Amino acid sequence: MPAIDLTNITAGYPGKPRPALSGVTLRADRETVALLGPNGSGKSTLMRVLTGLHTPEAGRVVAPNDRADFSVVFQSPAVDDLLTVRENLTLAAALHGANKAAANRRIEALTDPLGLADILGTRCATLSGGQRRRADLARALMPAPKVLVLDEPTTGLDIDARARFWQTLDSIRATEQLTVLLATHLADEAERCDRVALLREGGLIADASPSELRAPLGERAARIDLRPGHSDQPVRTWIDACDADARWWSAGAIIPNADARLIDTCPMDHATISLGAPTLEDAYLWHTAEESVAIT
């Protein structure tokens, strides 16, 4: 059985006109899966259902089915600032029924992979943002969970701290054979994952590897961004005249398999155009586009 097994989940909130999740099925095992989507797409609700904090109206959570099987890293670190890193980790172990000797063995096992040696005796209030993140990750890993749930864990970190966090997570995941579920709205973070589940308005639009999601866009894609306050009609007329397939999103269009000659003809007064290897952000806009335009 996979470590994460959610089947046909529909969930909502009282007074809301539409479900927060609508028929979402997601499975994962010993891999890192990103939930990618904007605010309101259903990421947080899916995590709440997974962790038992929200009961769905339909569907079922097959796994994880035991609270001991998963841990959560929240947007804000859940360490006690008045305690040292070691004290926080010992407390976390005790809350999961481990004695002091077992806690010390677990701390020892995590110290090198997470780079904790220099900060174990430091009060958390004095740690840098990156150090607090590593301490919080260690806190979540103390009970040796099967599933690690990360809710936008690099919020507020600088570039170096984000890179260090991901390097640390990749190392520990391989060592402990974890299943990691990450909620993010950052395409570059999702790019690091084995699979990406694209969410829009509570629906699961696509679920595949980053390269598989980019594949329909070809080797080069053109992203058209409409200029604010300008009519989109000249841009639509221009795209109609191009020998391409386009999908429109809320503020522009994506053209797959794009030719460099598009740059010469784009109505620059009304839009900007960028051309290059497709990014995961381009793929998200392509797969979740509300309007498709087939040009013949």
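So, in region 239-275, of the ones that are more than 19 Å from W286 (Cβ to Cβ) and hydrophobic (A, V, I, L, M, F, W, C), which residue ends up surrounded by the most Cβ atoms within 10 Å (Cβ to Cβ)?
Filtering region 239-275 for residues that are more than 19 Å from W286 (Cβ to Cβ) and hydrophobic (A, V, I, L, M, F, W, C), the one surrounded by the most Cβ atoms within 10 Å (Cβ to Cβ) comes out as I263.
If you go through region 175-193 one residue at a time, do you hit one that is part of a loop (DSSP other than H, G, I, E, B) and more than 18 Å from the chain's Cα centre (by Cα)?
Looking through region 175-193, at least one residue is part of a loop (DSSP other than H, G, I, E, B) and more than 18 Å from the chain's Cα centre (by Cα).
Sort out which residues of region 62-108 are of a type in the set (D, E) and either free of Cβ contacts under 8 Å to residues at least 40 places away in the same chain or more than 19 Å from V147 (Cα to Cα) (or both), and write them in order of number.
D66, D80, D81, E87, E108
Can you name the number of the only condition in (1) modelled with pLDDT of 95 or more; (2) in a loop (DSSP other than H, G, I, E, B); (3) within 29 Å of N39 (Cα to Cα) that D136 fails?
(2)
Six or more apart or on different chains, Cβ under 8 Å: which pairs go from a residue in region 236-263 that's of a type in the set (S, T, N, Q) to one that's assigned to a loop (DSSP other than H, G, I, E, B) and surrounded by fewer than 14 Cβ atoms within 10 Å (Cβ to Cβ)? Could you list them?
S250/E290; N257/G218; N257/E219
Does G156 meet the test of being out of contact with any helix residue (DSSP H, G or I) (no Cβ under 7 Å at 6 or more places or on another chain), over 14 Å from L169 (Cα atoms) and not in a helix (DSSP H, G or I)?
Criteria not met by G156.
Could you list, in sequence order, the residues of region 263-284 that are assigned to a loop (DSSP other than H, G, I, E, B) and at pLDDT 95 or above?
Correct list: A277, P278, T279.
Of the residues L198, L182, L217, only one is out of contact with any Phe, Trp or Tyr (no Cβ under 7 Å at 6 or more places or on another chain) and under 24 Å from L35 (Cβ atoms); which?
After ruling out the rest, the residue left standing is L182.
The values are calculated or read from the model by the stated rules, or taken from the named source; none is laboratory data. All values reported here derive from a predicted model rather than from experimental measurement. Here the Cβ is made from the backbone with ideal geometry for all residues, glycine too, and neighbour counts use every protein chain on show.
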